[in-house]
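What follows is a short report on a single structure.
The values are calculated or read from the model by the stated rules, or taken from the named source; none is laboratory data. The structure displayed is predicted, hence computed values, not measured ones. Neighbour counts run over all protein chains shown; Cβ positions are idealised from the backbone, glycine included. Surface accessibility is based on the protein's heavy atoms, side chains included, excluding ligands, DNA and RNA. Shrake-Rupley method; radii C 1.70, N 1.55, O 1.52, S 1.80 Å.
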Amino acid sequence: MTIHERSSDTLRPLDNSTVEAFAQSLRGELIRRGDAGYDAARTVFNRMIDKRPALIARCAGVADVIAAVNFARRNNLLIAVRGGGHSVSGYSVCDDGLVIDLSRMKGLYVDPIERTVRAEPGLTWGELNHELQVFGLGATGGYVSITGIGGLTLSGGYGWLVRKHGLALDNLRSVDLVTAEGELLTADATRNPELYWGVRGGGGNFGIVTSFEFNVYPVGQVLAGLVIHPRTAATDLVRYYREQSPSFPDELTSAVLLFHLPAAPFLPPEMHGLPVAAIAVCYAGDLAAGEAVLRPIRAFGQPLADTIEALPYRVAQTGADALWPPGLHYYWKSSYLSDFDDAAVATFVEFAERAPSDKTVVLIEQSTSDALRGIDPHSTAFPHRAWPLNFLISTGWEDAADTGRNIDWTRAFMSAMKPHLEDASYSNYTFLGDANENWRHDAYGENQRRLINVKNRYDPANLFRLNPNIEPRL
């Protein structure tokens, strides 16, 4: 077998003896084209991404990550870094190059006294919170339990505790990171502080994080679930949410969604497939106080179903999984709302009615609170802390033949909403493969200049470029 190196202008062979020597240097597994399991190993959350790497290094530990980075750099190979494989833009895999697969690195250590956790990058939020629940603790990141902790944290980290405790990156105490030169660094408030600033919002631009240390919080049972209304009530429900959500306490994280009901164990079979509107909630606080807060939401209109109940937080975090299953084709767009007047509501509801696929979910979520606004937008690389609402089109479909019409509908929807949107976006929610030329400003705002300086220092050759990329300026 002949493998090729990828560079900007050449494609030259990499001999088998070099590849074999690399394989022997790993404690983990090196998967090549033609090996059993190759197709499974290159498959990611978004089925629209169909890429064929030359090599997949399934790392068993930090030594393997260092070896893989050095091998790629010395042989001029394109690198993709995979944690949970949940990147909607497909950054977890590449054509022809090397995938550095961290999914087997699932070590964690919980300190219940200090309320911290140190976690390796192969963990998902569901796995992390499963362990934390034993100690009555929870981590802030992740609306969907199968999302990896790495990519979500490095570019933001919304989740069911975000309004009470902030973003995942706001709770990141330190990282261990392998640089482009194969050096292992620790970054925190005192060690490599510019790198610590950059990884909190700058994505995977500066290296491969092999360990995350988070603050975690007491959370046992929460009140979580959906209040589901018929789609005919969508306009009234969305307007209700617009008017009432500013008064929701920070213990309550919520969104209003338009979607078709999936097959889920908490719903009767006759409801499966119905087009609906719903308010999703997670109240993390005193349950009696939460019941009082949620009572008006549950009493509004004439709901078809109310699934809100007291649940362990680790269970509540799985509640949205059925809406975003792996294996669909996905194309997402998002932005923060500058206004949400009746014209915006009408556009939101009308486009949802015309969605080509019943696997699509569109939503408006609360995206700020005292916990987010209380942090200076320049103190981390993530700048978006003041916008009250975030708008997301998460288009999903099954058949590849339907790709064109689903993408066209998503773009038309985004264009129709543009008069109501800020020039700002959350990169974890946005398919960046066809982003406009201003996407870096939308993602990083005024922090972009400082991020370039960090990139120049830690990755001036842009070895780590499959991400929301910050291009170095030499």
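What the table below lists for this structure:
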| quantity | calculated |
| --- | --- |
| Within the stretch 160-187, tally of residues that are over 22 Å from the mean Cα position of the chain (by Cα) and not hydrophobic (A, V, I, L, M, F, W, C) | 5 |
| Strands (runs of 3 or more DSSP E) (entirely within the stretch 1-63) containing at least 2 residues that are modelled with pLDDT under 95 and either open to solvent by 50 Å² or more (accessible area, probe 1.4 Å) or farther than 25 Å from Thr210 by Cα (or both) | 3-6, 11-14 |
| Unique match (being closer than 23 Å to Ile393 by Cα, of a type in the set (A, V, I, L, M, F, W, C) and in contact with a strand residue (DSSP E or B) (Cβ under 9 Å, 6 or more places away or on another chain)) among Ala263, Ala289, Ala305, Ala277 | Ala277 |
| Looking only at the stretch 428-474, and only at residues there that are under 19 Å from Ser338 (Cβ atoms) and among the small types (Gly, Ala, Ser), the one that is farthest from the chain's Cα centre (by Cα) | Gly445 |
| Residue check, Pro193 farther than 29 Å from Ala67 by Cβ and surrounded by fewer than 24 Cβ atoms within 10 Å (Cβ to Cβ) | no |
| Residues of the stretch 387-420 classified as over 17 Å from Leu432 (Cβ atoms) and either at pLDDT below 95 or among the charged types (D, E, K, R) (or both), total | 6 |
| Arg473 over 22 Å from Ala80 (Cα atoms) and either open to solvent by 40 Å² or more (accessible area, probe 1.4 Å) or out of contact with any Phe, Trp or Tyr (no Cβ under 6 Å at 6 or more places or on another chain) (or both) | no |
| Which numbered condition Leu372 fails, given (1) of a type outside the set (Phe, Trp, Tyr); (2) closer than 20 Å to Ser247 by Cβ; (3) touching a helix residue (DSSP H, G or I) at 6+ places or on another chain (Cβ under 7 Å) | (3) |
| Criterion: of a type in the set (D, E, K, R), over 25 Å from Asn171 (Cβ atoms) and open to solvent by 20 Å² or more (accessible area, probe 1.4 Å) - qualifying residue of Arg450, Arg411 | Arg411 |
| Candidate set: the stretch 82-109, residues that are in contact (Cβ under 8 Å) with a residue 60 or more places away in the chain and part of a strand (DSSP E or B); chosen: the one nearest to Gln317 (Cα to Cα) | Asp101 |
| Among (1) open to solvent by 30 Å² or more (accessible area, probe 1.4 Å); (2) in contact with a helix residue (DSSP H, G or I) (Cβ under 6 Å, 6 or more places away or on another chain); (3) part of a helix (DSSP H, G or I) - the single one Ile66 does not satisfy | (2) |
| Hits in the stretch 167-179 (condition: in a helix (DSSP H, G or I) and out of contact with any Lys or Arg (no Cβ under 9 Å at 6 or more places or on another chain)) | Asn171 |
| Filter result (in a loop (DSSP other than H, G, I, E, B), more than 16 Å from Ala255 (Cα to Cα) and not hydrophobic (A, V, I, L, M, F, W, C)) within the stretch 340-364 | Asp341, Arg354, Pro356, Ser357, Asp358, Lys359 |
| Residue match in the stretch 225-232 (condition: more than 21 Å from Thr347 (Cβ to Cβ), among the hydroxyl-bearing types (Ser, Thr, Tyr) and modelled with pLDDT of 95 or more) | no |
| Number of positions in the stretch 230-247 that are outside any helix (DSSP H, G or I) and open to solvent by less than 20 Å² (accessible area, probe 1.4 Å) | 0 |
| Scope the stretch 84-110; condition touching a Gly at 6+ places or on another chain (Cβ under 9 Å) and open to solvent by less than 20 Å² (accessible area, probe 1.4 Å); matching residues | Gly85, Ser89, Gly90, Ser92, Val93, Asp101, Leu102, Met105 |
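This table checks each residue for (1) exposed (fewer than 15 other Cβ atoms within 10 Å of the Cβ); (2) free of Cβ contacts under 8 Å to residues at least 40 places away in the same chain; (3) aromatic (Phe, Trp, Tyr); (4) under 24 Å from Gly148 (Cα atoms).
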| residue | (1), (2), (3), (4) |
| --- | --- |
| Ala255 | no, no, no, yes |
| Pro269 | yes, yes, no, no |
| His272 | yes, yes, no, no |
| Ala299 | yes, yes, no, no |
| Ile308 | no, no, no, no |
| Asp321 | no, no, no, yes |
